[in-house]
Amino acid sequence: MTRKALAMACFACIAGPVLAQEATTAPGGIVRVLDKITGEATDLELRTGETKPIGQLSITLGECRYPTDNPSGDAYELLTVFYRDTPDPVFQGWMIASAPALSAMDHPRYDVWPLRCITS
């Protein structure tokens, strides 16, 4: 096999299941917030488009998606996080519940990551 053919075969094996998976949009999601100074972890239940304050953060859920064939499966949440009254978000983008480090919020005091979608 040539290198190109081998690379394409490897990509097909890896990306095939990911590309074939369908997602469903949920009406809301649950996010966990950890205050690294106090050690307190809090779970926030957010509806799509809703913003809630916690500590010195303000978190908005843009959307929550989950695998159509597995509602309790991996959640993907579109989050916007503001710290205090800063005009620019400290985080804005998608986070994946099973791998929050892939797109993590870099903040010295708080960690935020998605837990699951609300399906009912």
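Here is how the numbers come out for the structure above:
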quantity	calculated
Of all residues making up the stretch 90-109, the number that are in a strand (DSSP E or B) and over 15 Å from the mean Cα position of the chain (by Cα)	0
Residue count for the stretch 66-89, restricted to those that are part of a loop (DSSP other than H, G, I, E, B) and farther than 14 Å from residue 31 by Cβ	13
Count of the stretch 26-67 residues which are among the polar types (S, T, N, Q), out of contact with any Ser or Thr (no Cβ under 7 Å at 6 or more places or on another chain) and surrounded by 15 or more Cβ atoms within 10 Å (Cβ to Cβ)	1
Residue match in the stretch 73-83 (condition: in contact with a Pro (Cβ under 8 Å, 6 or more places away or on another chain), among the charged types (D, E, K, R) and closer than 21 Å to residue 45 by Cβ)	yes
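None of the figures in this text is laboratory data; all of them are computed from the coordinates on show. Just so it is clear, the model here is predicted, and its values are computed rather than measured. When we count neighbours, we look across all protein chains shown, and the Cβ atoms used for this are built from the backbone with ideal geometry, even at glycine.
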